[in-house]
Every structure is written in C-alpha cells, then in structure tokens.
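Derivation of every value follows stated rules applied to the coordinates shown; laboratory data play no part. The structure displayed is predicted, hence computed values, not measured ones. Note that each Cβ is placed from the backbone with ideal geometry, even for glycine, and that neighbours are counted across all protein chains shown.
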Amino acid sequence: MKFTNLDERIHVVHPDSDSWKIIRDIAESGVQEEPFYVFDIGDIVHKYKEWKLKMPRVEPFYAVKCNDSSTVLEVLAALGTSFDCASKGEIMKVMELGVDPSRIIFANPTKPASHIRHAAAMGVDTMTFDNETELHKIKSLFPTAKLVIRIRADAAVAQCQLGMKFGCDANTEAPRLLKLARSLDLDVIGVSFHVGSGCGDPPAFRRAIASAKMLFNAGENLGYNFRILDIGGGFPGNKNSSIHKISEVVNAALEDYFPDPGLVRVIAEPGRFFVASAFTLATNIHSKREIPAGGETTSVMYYINDGVYGSFNSLLYDHAHVTPIPLKNHSGKLYPSSVWGPTCDGLDQVTEMALLPLMSVGEWIIFEDMGAYTLPVASPFNGFPLPKVHVIADETIWYMLKDHLPLTEDHFVLGGTPNNLRLGLDIAGNEVMQDWSMPSLCHQDSGSSLEDTSSSAFHFDYVEVGPIN
Ligand SMILES: *Cc1c(COP(=O)(O)O)cnc(C)c1O
C-alpha cells in the first residue's frame, strides 16, 4: 500500500499540542473553509490502557462497523486488540492489515451465504448465531466453524437497542437451538450477548452474565464444553463518560459466575468506547438568519457545512445528541440558537436549541466526541463533501507505536508544524498529491528525515506483537 493521500498520514505534534490547538491553527489560517476532523490517536491509546486497567480479564474485539477508518484499525491492531467483523468486506479490511484470522470473530448472527464461504476460505472460524436457519446454513457451508450462541439481554436504558433484531431468548429458545446444534454435530464453543449500544444500565451486564452461565450448564448437559463468554459492546466512549461503573459490575459478575480464568476466555466487542472521543469535528458557519421581534434579535439560525446527511447522520441512526461549541471566545449576551446543516432538506437540523453567543459568518463551531457511528455512514448528498480527517499523535505516542505493525515509521509525518498540517488540507476540493520529501517537513531536532517516502512501500509481513502496557 502506498500513501498517496496525505490525510492518511499521522502528523506527529508537540506534546503540548492537542486537538483544539490543531483545530484553532487550521481554522484560523484563513484559507480553510470546508469542515474537517482532527483525530488524535493518543486518545485510542489511552482508552486501551483504561480498558486493560479496568477489565484486565476481558479481551477487546473492536467492532469495526463503529468506525472503519484504516488508521483506527491500524492503531488498534498495533495495540494488540482483536476485531468483531459483521461482513465479508469488514473481514477483508481487517485481514489486509495482516491481522491473523484467529483475532477475528464474525459476530453477525445473520450472515449471507457468500460471506460465510468467504470466512471459511480466510480461516475466520468463530461466528455467532441466534436462529435455526443459520445453524442449517453453517452446517452446509462451514460445518467445522466454532459457534457462539447470541442471547437477548437488553439493558433497560440504551442509546440504541439491538434486542428486537438479534439474540434468542436464553430460557426458551436457546436450549432448543443448542440441542439442534448438537444433533447437527456442530461445534458450539460459547455464549454472547449485546446489552444495547450506549448502555445506561450497568446491572444489565450482570443479568446477562448470569443467563450465560445458565447456558454454559445447559451446554455441558449436552456434552459441550463452552470456553468463550462474549459480553458484547455497549460501553460509553465520550469524553465525560467512564467505563468504571460497568467494569465493576462485569468484574464482580465474572468473579461470581465464571471465577476460573483458566476455564473460560472472556471477550467483548466494544465499538463506541475506543473511538468516540478521538474525533473532534470543526464546522464553518456559512450563513445565518437573525430572527427579529420588536426591533431586536430574539433568536439566531446558523447554517454550517456539515449536517445530518454527513457526519450528523448519527443524530438519526445513533440517536446521538451533540453540543455546539464556538471556537472563538465570546463575551456578552447568549441567544437561543438553532444549528442547521447545509442541504436543502428541512430535516437537516443539527441542534434545535442551544444558547450561543452572536457569531458571524466564517466563524467555526466545534463538536467533540464525533468518532462513533458518524463517518462510515455519511453521504455527500446535495454536493456537500465529507470532512477530511487530520490524524495527529504526540511524540510519545509516535515513539510508542511507530514500530508496532501494522504501523510503521512510514505512517508518520514528523514536524507537525502549522504549515505542514495545512499542507494536508484540500482547500480546492481536489486530491492533494504532494511530495512529502520536502526538506521543510523534516523535524528540526530529531535528526531523522523523511526521505523519498514516495518509494516506501507498506509491508504486509505481520509479526505478532504483545499488547502495549
Ligand atoms: C454494533 C455492535 C457492537 C459495538 O457496539 P458498541 O455499543 O459501539 O460498543 C458490538 N457487537 C455487535 C455484534 C454489534 O452489532
């Protein structure tokens, strides 16, 4: 793989820098108009460390659908996570990074036949099911697959419920399905669930783990020896959130129901947790309407250049709520304000009501926590392009990750000065294909230079690396 698009390179920035500083710098350059993201890979590294600290027994399999950006996948693969893929395309994307098929779970309980065949051909042999038809399909297409039964275990409160679509009833359906699997001579190896994405009900994990234990016993009575417990996703990922409460519930339930780590491997499929806070979106006000009454402005409508057909599709599909933050400091009166996307659809509203200072056309509105369920779903409807992503890492993160495959030195650009960052911008809306071997891009005091990166190829040889702690 050759890097032709500068946006895919990771800019190494000074340790004092952060997403807000970079945004300020790009936005205030005066030449940027299109919306853009700043993606700090250090944020993912911190999340990984938090996970290891809080739930040391639970191995994360990142849910690719949440954000399938190559850099997200590369960073997580370098850190040593495994992956939850839902389709042939996701399996291909992860395996292209050199990830071993044993580090993938095909966690879609309803799989098209061709995708099952593809998994079989690639050696991805662990997959979930929650119905009888799927068992017969797997029997004919991939009879040696290792199966995980998915049970329904809904949280009382969740941002997105999944139970109406997936998961069989643990008491009524699951025992029957396990009997059928046994009679088909299929290899069932464990139990999975997903309490719902953005879980607001931590005890749901305990209830689900208790149900799983019951099925481990049912499996044993049928002659199975289950060894995988998959506690799914649902973990929060925004800046002001923590997995602390859920981790306490999970750890205690594991201690009570599955005390022996030697007997049962516990995995999870976090999506949102790893990526939500790593992405910050900067949007530009291109139009506004002040609503007058009695000779005074009573409320303001701002029109920005990203909306519900773009990044903010998460408002519709992910039931997200976002907070507009003016980039510029304002003092003075706050006005009831609404924020609208750029398309001609009346549905294209980003926030219905927020108290905001009076801003001018050309000013920037920032949205944090925009990494989960945003970009993979966005469309350029009505001719409005999707925001570019500027990837940054501070020097310590760069030093830690640069030799951990699939990341290599070639993924990084040293000298993340304001000018270098701006070079990655696509002001005219064209593909930027610059030569990165320009001397000005070399880091002043590192002594290393990025000579002729145009000829440096990405190597696929994958070397297993232990997780970084
Ligand atoms: C979407 C999904 C996930 C990720 O859920 P989060 O709430 O983002 O952690 C995990 N597993 C499965 C099967 C999913 O469909």
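Is the shape of region 1-149 rounded, prolate or oblate, going by the alpha carbon gyration tensor and its root eigenvalues a ≥ b ≥ c, with a/c under 1.5 for rounded and a/b larger than b/c for prolate?
Prolate, since a/c reaches 1.5 and a/b exceeds b/c.
Given the rule -39500 (n - 2.57) for each run of at least 4 DSSP H residues, summed and divided by the residues of the chain, what is its mean residue ellipticity at 222 nm, to the nearest 500 deg cm²/dmol?
-8000 deg cm²/dmol
Could the peptides 81-89, 234-242 be put in order, highest first, of the mean number of other beta-carbon atoms found within 10 Å of their residues?
Ranked from most to least packed, the peptides come out as 81-89, 234-242.
What FRET efficiency comes out for C344 versus T297 if R0 is 22 angstrom and r is the Cβ-Cβ distance? Round to the nearest 0.05.
So, using R0 = 22 Å, E works out to roughly 0.30.
What pairs from K111/K213; K21/K333; K139/K165; K49/K179 go past 31 Å between their alpha carbons? Please list the in-between numbers first.
Details: K111/K213 26 Å; K21/K333 26 Å; K139/K165 23 Å; K49/K179 40 Å.
Over 31 Å apart, Cα to Cα: K49/K179.
Apply the Karplus curve 6.51 cos²θ - 1.76 cosθ + 1.60, θ = phi - 60°, to the phi angles in region 37-53 and return the couplings in whole Hz, x for Gly and Pro.
Once rounded to whole Hz, the list reads 9, 10, 10, 9, 6, x, 5, 5, 4, 5, 4, 4, 5, 4, 4, 4, 6.
For region 15-29, just list the computed ³J(HN,Hα) in residue order, Karplus coefficients 6.51, -1.76 and 1.60, θ = phi - 60°, integers in Hz, with x standing in for Gly and Pro.
Each residue's phi maps through the Karplus curve to give x, 6, 7, 7, 4, 5, 5, 5, 4, 4, 5, 5, 5, 8, 5 Hz.
At a Förster radius of 45 Å, what calculated FRET efficiency corresponds to the Cβ-Cβ distance of R117 and H319, to the nearest 0.05? Could you put the intermediate results ahead of the total?
Working: r = 35 Å, r/R0 = 0.77.
It comes to 0.80.
Among the aspartates and glutamates, which have Cα under 19 Å from the Cα of K93 when same-chain residues fewer than 8 positions away are ignored?
Partners found: D7, E8, D68, E74, D84, D125, E269, D461, E464.
Classify region 41-275 from the C-alpha gyration tensor, please: rounded if a/c falls under 1.5, else prolate or oblate depending on whether a/b exceeds b/c. Display every interim value, and only then the final one.
On the way: a/c = 1.70, a/b = 1.17, b/c = 1.45.
In terms of gyration-tensor shape, oblate.
For helix 113-122, report the angle its Cα long axis makes with the longest principal axis of the Cα atoms of the chain; keep it between 0 and 90° and round to the nearest 10°.
With rounding to tens, the tilt is 90 degrees.
Obtain the nm distance between the two label points defined at M400 and E50 by a simple spin-label model: each point lies 7 Å from its Cα along the Cα-to-C-beta direction.
Spacing of the two 7 Å Cα→Cβ label points: 1.4 nm.
Set the Förster distance to 25 Å, then compute FRET efficiency between K328 and M353 from the Cβ-Cβ distance, nearest 0.05.
Numbers: r = 21 Å, r/R0 = 0.84.
Once rounded, the FRET efficiency stands at 0.75.
By how many degrees, 0 to 90 and rounded to 10, does the Cα axis of helix 244-257 deviate from the longest principal axis of the chain?
So the helix axis and the longest Cα principal axis differ by about 10 degrees.
For q = 0.06, 0.11 Å⁻¹, what log10 I(q)/I(0) does the chain give under the Debye formula with an equal point scatterer on each alpha carbon and no solvent?
-0.30, -0.94
Quickly rank 66-78, 398-410, 349-361 as a protection proxy: mean count of other C-beta atoms within 10 Å, highest first.
Output ranking for 66-78, 398-410, 349-361: 66-78, 398-410, 349-361.
If you plug each phi of region 281-289 into the Karplus form 6.51 cos²θ - 1.76 cosθ + 1.60 with θ = phi - 60°, what whole-Hz ³J(HN,Hα) values come out, in order, with x for Gly and Pro?
Each residue of region 281-289 in turn: 9, 10, 10, 10, 7, 9, 8, 8, 10 Hz.
Can you tell me the 0 to 90 degree angle between the C-alpha axis of helix 132-141 and the longest principal axis of the chain, rounded to 10?
90
Give the lysines reachable from K52 as a straight Cα distance under 23 Å; neighbours fewer than 8 places away on the same chain don't count.
The reachable lysines, counting only those whose Cα sits under 23 Å from K52, are K65, K239, K245, K402.
Rank by packing, highest mean first: peptides 110-116, 128-134, with packing defined as the count of other Cβ atoms within 10 Å averaged across residues.
128-134, 110-116
Work out the charge dipole of the chain with +1 on the Cβ of Lys and Arg and -1 on the Cβ of Asp and Glu about the Cα centre, then indicate which of V413, V157, N225 is farthest towards its positive end.
N225
For the chain, with only Lys/Arg (+1) and Asp/Glu (-1) charged at the beta-carbon, what is the dipole magnitude about the Cα centre, in debye rounded to 20? The partial results should precede the final answer.
Details: 39 positive and 58 negative charges, 318 e Å.
Roughly 1520 debye for the chain.
Go through S241, F36, I26 and say which Cα lies farthest out towards the positive end of the charge dipole of the chain; charges sit on Cβ, +1 for Lys and Arg, -1 for Asp and Glu.
The residue sitting farthest along the positive end of the dipole is S241.
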